Each structure stands twice: as C-alpha cells, then as structure tokens.
Amino acid sequence: MWVICGGGIVGLAIAREVVLRGAGPVLVLEEEEDVGRHASGRNSGVLHAGIYYPPNSQKARFCLEGHRLLRAYIEERGLPLLATGKVVVARREEDLPELEEIYRRATANGAPISWVDEKELQELFPGARTVERALFTPLTATTLPRRVMAALRRDLEEMGVAFRFGVRCLGPAGSGKLRTTAGVFPFSRFVNAAGMGADRLAHAFGLARHLRILPFQGIYYRLHPRLAPRILRNLYPTPRRGLPFLGVHFTPWPDGQVWVGPTAIPALGRKHYGILRGVDREALAILLREVVLFVRDPAFRAHALLEVRKYLRRFFYADARALFPELRPEDLLPERRVGLRAQLVDVKRGRLVMDYVVVEDGDTLHILNAVSPAFTSAFAFARHLVGSGV
Ligand SMILES: Cc1cc2nc3c(=O)[nH]c(=O)nc-3n(C[C@H](O)[C@H](O)[C@H](O)COP(=O)(O)OP(=O)(O)OC[C@H]3O[C@@H](n4cnc5c(N)ncnc54)[C@H](O)[C@@H]3O)c2cc1C
C-alpha cells in the first residue's frame, strides 16, 4: 500500500500516477476535510510557460511538460481554461538585463518567447507600461484551481484511491509504519507531500534537519469589473534576481474575474491567513528564522523591506499601477484572497532554497519546497518520481 500524506496537487498527482502505472493501492491522508484547502486551492491558477528557471533546474525540467499534461487533463475533463499568453514588463531600465536573462533561460528551456517593443506591447496589452521593451510568451494559460482539485479528487476516488480526511501524519512508528492522529498505518511506500508541513514530517523521519519552511503570505485583491474586461493577458513585472517570487501581477481567470497579486510577505505561521489569524506558538521560531535570513541573505533583506509595506493598500496599489497606469485605487476591491507559500530555507547556509527538493530514504520519499510552479509541474513531477521506482 502506498500511503501519501497531503491532499494538495502534488499528493494527488502522485496518487494518480501510481494508479495509472498499476503500481499498487493508494491511501491519501489529509488533515483537512477536503483536498486543495491550502496552496493548491489558493493559488493564481496559472499554467506557467517555464520561462524563468535555470535550464538545469527541476523547475525547468518539469514545468513545460507539466503544463502540457495538466492542460490536456483540463481539456479532457472540460474544466475552465483561458489561453491568455503573458507579458513581462520592465518597470525601470535596470530591469532590462534581467529580462535578457529570462529570454536566455526561456530559449534554453524550449519555451516560446519573443521580444516586443512599446508599440507591440500596446497591441498585445493595451494600457500596459514598460521601459523600452517587454517579453511575451503565448503559452501561459489560467484555470480555476479549486475546480481542478475537485475533479482530481473525483477521478481518483473512481480509480480506487482511498482518502482519509481529518488525519494528521506525525512520523514513523517503526519500519514500514506511519503514526497519525487516527492510529498507525502500514505502508510499502510512504510519500510526504505535506506542503507547509513537509519539513516537520521529514524531520520526524530524521531527515533534512537543516531545511525549514518559512511561510510567505500572498494577498490578492479582486479587480473592479470596470477594468476586468480589459485584462485579457497575464501581466507581470520583471522579478528580482535571487528570489523565487514573481512580484504583484494581473491574472485574468476563465470565470471573468481578474486577480491582482499575490504579495510574498514573510508570515508568522503556517496557517497565517489573516492579519493575526493563524499566528500560533511557532511564531517566535519563525520570526527568528526570518531575522537570521534578514541578516545573512541580501536578496531576502531587500525583499522583506519592500514587501512588508504591501500590507498597506497604498504600497500594493503603487506596485500594481506601475504595470498598468490606468489603475485607480478604488479598482482594487477589498475582497481579498490569501494563499501561503511553503518556502524552504537552508538554515545552515542562511539562504532561500530556489528549486524543488526531493529526499528519498529507503521506502519513504519527502517532497520539500514544492513552491511555484509546482501546480503547473505536478503531473510531470509525479511521473518522474513514480517512474524512477521510488
Ligand atoms: C499565493 C500562491 C500563488 C501561486 N500561484 C501559482 C500558479 O499560478 N501556478 C503554479 O504553478 N503554482 C502556483 N503556486 C504554487 C502552487 O500552488 C504550489 O506549488 C502547489 O499547490 C503545492 O502543492 P502541494 O501539494 O505541495 O501543497 P498543498 O496544496 O499545500 O498541499 C499539502 C497538503 O498537505 C496537508 N498536510 C500538511 N501537513 C499535513 C500532515 N502532517 N498530515 C496530513 N496532512 C497534512 C495540507 O492540509 C495540504 O492539504 C502558488 C502558490 C501560492 C501560495
């Protein structure tokens, strides 16, 4: 029996792959009452085009293939999909070398990408602003992540995958056995796909102790319907070097809504979804990790100083307006959505970890740092993990 901890996209994609290969029965354990309650149901729903990632990274390796597989699944199931294409603009002249680096990476990764000048940008995205030039990829698309998660759950149940909800995985109970809040479960293979809880579970197995998760809060505002019909493509700023975040952007969804965000504000809890809601006993330890990182990692330091201000609406607004100058403060509707990124930190090196991390130990497999674009990558990542005979 394969036991998978975590009912997010990564856990479900692995469950699906195991069943498709006839590799054995599968049980998914999830501490919430449904799948997709955390990152997988609260993300931007973007099927990324694989343009940002260094060519030898796992993100690059699985993003494009994951995009193809997830898109095929969405189309097969008749789920909502909007083929948007995306532009990445320069907010200032210093962004141009970064854009050139993205162009190089995209080309090396085999992602479709082209340069556009200011005039061509207006044809692609009327009203968007850039300095001199921008990048365009036609591949990017969006979907409704909760619909994808619900469809996956239904499919997996039909394929014979068993789910137990409200069960928290705690650690090993001797060889081939998992301790949980609902008792002990024997396994032939155990997969830790616990997202925000993955580091703690790996530590309970005595693994990856130098790796700890730092939560980052992603706040979105909904765009006023006055402007929503004008936003037909994804509009992104040039991201800052050395950081795994893409900056506040515009994302049109297939249901006609447009989301602006998310931020990546260092948070104080693994479920810190509100201003104070979700700040728990671990807050002090998390804060300490943030302080250490602040001191040791210059990229994080610059990021944290700018990002924390975006709790205040006017700073958030200024960021979004830099991309689309017609935006007025009242166009950002107060109805907010929040998602939390389970970003890994290497506490020994004092650095954010940029790529996915997979730790294999005997019959257990631990997936850490399944941050963006892991929603896009999940099917290809799962194919690789299960196929490599873990
Ligand atoms: C704001 C935001 C925007 C994003 N936008 C995009 C995007 O547009 N495109 C993209 O490709 N990616 C995006 N991502 C990244 C993507 O959402 C994640 O990479 C992906 O959802 C990770 O999936 P997961 O299954 O690892 O984690 P999760 O979806 O968090 O699932 C982990 C599950 O494990 C459960 N769990 C945790 N601990 C335990 C335990 N001990 N016992 C039992 N269950 C446990 C949790 O309840 C949860 O359901 C975004 C992420 C965020 C936060």
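FYI, it's all coordinate maths here, none of it is from the lab. Since we're looking at a predicted model, the values are computed, not measured. Heads up, the Cβs are rebuilt from the backbone with ideal geometry, glycines too, and the neighbour counts pull from every protein chain shown.
Things worth noting here:
- Rounded tilt (10° steps) of 145-158 against the dominant C-alpha axis of the chain: 30 degrees
- Extension gain (nm, one decimal) between D255 and E76, 0.36 nm per residue minus Cα-Cα: 62.6 nm
- Taking a straight line from the alpha carbon of K59, these lysines sit under 29 Å away, with near neighbours fewer than eight places off in the same chain left out: K86, K271, K310, K348.
- Between amide H atoms placed 1.01 Å from N, distances below 5 Å from Q343 occur with L214, F216, all of them 5 or more places distant or on a separate chain.
- Residues T140, T376, T180 arranged by fewest to most Cβ contacts within 10 Å: T180, T140, T376
- Cα gyration tensor shape for segment 184-224, rounded if a/c is under 1.5, else prolate or oblate: oblate
- Note on K119: aspartates and glutamates with a C-alpha under 16 Å away, same-chain residues under 8 apart excluded, are E132.
- Summed side-chain charge close to F187 - residues other than F187 whose Cβ falls under 12 Å, Lys, Arg +1, Asp, Glu -1: +2
- Fewest-first ordering of K348, K271 by other beta carbons within 10 Å of each residue's beta carbon gives K348, K271.
- Rg ratio for the chain: its Cα radius of gyration over 2.2 N^0.38 Å, N being its residue count, equals 0.96.
- Over all other residues within a Cβ to Cβ distance under 12 Å of L207, the charged ones net out to -1, with Lys and Arg as +1 and Asp and Glu as -1.
- Stretching E32 away from R314 to a fully extended chain increases their span by 98.1 nm, per 0.36 nm per residue minus the current alpha-carbon distance.
- Computed over segment 115-171, Kirkwood Rh from alpha-carbon pairs, angstrom: 15.8 Å
- Segment 145-231: C-alpha gyration tensor shape, a/c 1.5 cut-off, then a/b vs b/c: oblate
- For segment 319-366, a Kirkwood radius taken over Cα pairs fed into Stokes-Einstein (10 °C, viscosity 1.306 mPa s) yields D = 103 µm²/s.
- Within the shell defined by Cβ-Cβ distances under 13 Å, the residues around E123 carry a net charge of -1, with Lys and Arg each +1 and Asp and Glu each -1.
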